[in-house]
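The values are calculated or read from the model by the stated rules, or taken from the named source; none is laboratory data. Keep in mind it's a predicted model, so treat the numbers as computed, not measured. A quick note on method: Cβ atoms are made from the backbone with ideal geometry, for glycine too, and the neighbour counts reach across all protein chains shown.
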Amino acid sequence: MLADKEIHIWFIPIDNFLNEVEKLTGFLSKEEVLKSGKFYSENDSNKFIILRAILRKILGTYLDTDPQNIRFKNNAFGKPYIHPDSDDDKTKFNLSHSGNYGVYAFSRDAETGIDIEKTRPVIDMNAMAKRFFSTKEVDALMSLPQGEQMNAFFKCWTMKEAYVKACGKGFSVPLDKFAIDFMSDSPKLLNVDWDPEEITKWAIYNINTPTGYVTSLAAAGHNHQIIYRDAEKNWDSQ
Ligand SMILES: CC(C)(COP(=O)(O)OP(=O)(O)OC[C@H]1O[C@@H](n2cnc3c(N)ncnc32)[C@H](O)[C@@H]1OP(=O)(O)O)[C@@H](O)C(=O)NCCC(=O)NCCS
């Protein structure tokens, strides 16, 4: 069950489910099965099947319904929601994937955005930061010792993505026009140029993540309780 203020986080080690692709395909809708056949690589197709089927399976237990019956609708920027005609259209979710991991965030009614990135050396990191980050964020990144910059870069990146995904407005959000205090243990929005009220509306969280990855969450409201779930042990006992 999802209680008020709870946000449940599920990490999925994708490779662990590769031998279940055939079974998991059975949870997909007809449209999703068709989509899974259109990927260029089998790897991407399998990833899509695994992540979509597990999303349906987890949502099915939260909503107490057959995973196959769940209908989704995307907003104008591609953010998926439970279809507004469904019995329970309040439950919110968001997901992200990178490398071998998928991650989901589920909440009872708080809008969320989650982002995971596999950390790796970024050759043009300074140029990327100057292009996508606000001046405050670039300054904070550059003030760090060189050895800490790669991890900090991905922290900032995932927090910005998480906020953009929580807003649900995709590339229409100007990335350099908002700033996050991304190095703090309690990260927060510092400014949002197009609407100063935004900084009071969203919480930003560091999410405990498998080694080699960085994950961040943005959620509407404050004082959420973050609860970690295990997809391999916990299918039916949310
Ligand atoms: C749409 C967008 C949010 C997806 O992010 P991504 O890092 O490419 O991919 P992720 O793995 O994190 O998330 C993908 C999932 O997010 C969800 N999603 C799609 N569009 C979304 C949107 N507008 N808002 C929130 N979630 C969205 C979907 O469930 C998608 O799953 P799918 O791949 O199975 O369809 C992203 O492409 C985008 O618009 N980014 C803008 C910000 C940017 O350029 N940042 C640069 C670094 S700061």
Q.
Within the stretch 67-97, take every residue that is more than 14 Å from the ligand (Cβ to nearest atom) and not in a loop (DSSP other than H, G, I, E, B) and give me the one that is nearest to I114 (Cα to Cα).
A. P67
Q) If you scan the stretch 116-168, which residues turn out to be within 8 Å of the ligand (Cβ to nearest atom) and touching a Cys at 6+ places or on another chain (Cβ under 7 Å)? A) F133
Q. How many residues are out of contact with any strand residue (DSSP E or B) (no Cβ under 8 Å at 6 or more places or on another chain) and either under 22 Å from G102 (Cα atoms) or β-branched (V, I, T) (or both) when one looks only at the stretch 183-229?
A. 2
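Conditions tested, residue by residue: (1) among the hydroxyl-bearing types (S, T, Y); (2) surrounded by fewer than 19 Cβ atoms within 10 Å (Cβ to Cβ); (3) within 25 Å of L217 (Cβ to Cβ).
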| residue | (1), (2), (3) |
| --- | --- |
| D15 | no, yes, yes |
| L28 | no, no, no |
| E32 | no, yes, no |
| F77 | no, yes, yes |
| P80 | no, yes, yes |
| S96 | yes, no, yes |
| V103 | no, no, yes |
(Q) If a residue must be in contact with an Asp or Glu (Cβ under 8 Å, 6 or more places away or on another chain) and of a type in the set (A, V, I, L, M), how many such residues does the stretch 121-136 contain? (A) 1
Q. What about A219, is it farther than 30 Å from I123 by Cβ, crowded, with 19+ Cβ neighbours inside 10 Å and within 16 Å of the ligand (Cβ to nearest atom)?
A. yes
Q.
It is to be established whether one or more residues within the stretch 36-43 are in contact with a Ser or Thr (Cβ under 7 Å, 6 or more places away or on another chain), in contact (Cβ under 8 Å) with a residue 60 or more places away in the chain and either in a loop (DSSP other than H, G, I, E, B) or not assigned by TED's automatic domain parsing to the domain that holds G168 (or both).
A. no
Q: Report, by residue number, each residue of the stretch 185-214 that is assigned to a loop (DSSP other than H, G, I, E, B) and closer than 18 Å to I114 by Cα.
A: D185, S186, P187, K188, N208, T209, P210, T211, G212
**Q.** T61 farther than 27 Å from G221 by Cα, polar (S, T, N, Q) and either modelled with pLDDT of 95 or more or surrounded by fewer than 17 Cβ atoms within 10 Å (Cβ to Cβ) (or both)
**A.** no
Q | Residue list for the stretch 108-158, restricted to those being farther than 23 Å from P13 by Cβ, of a type in the set (G, A, S) and surrounded by 14 or more Cβ atoms within 10 Å (Cβ to Cβ) | A | A110, A129, S134, A140, A152
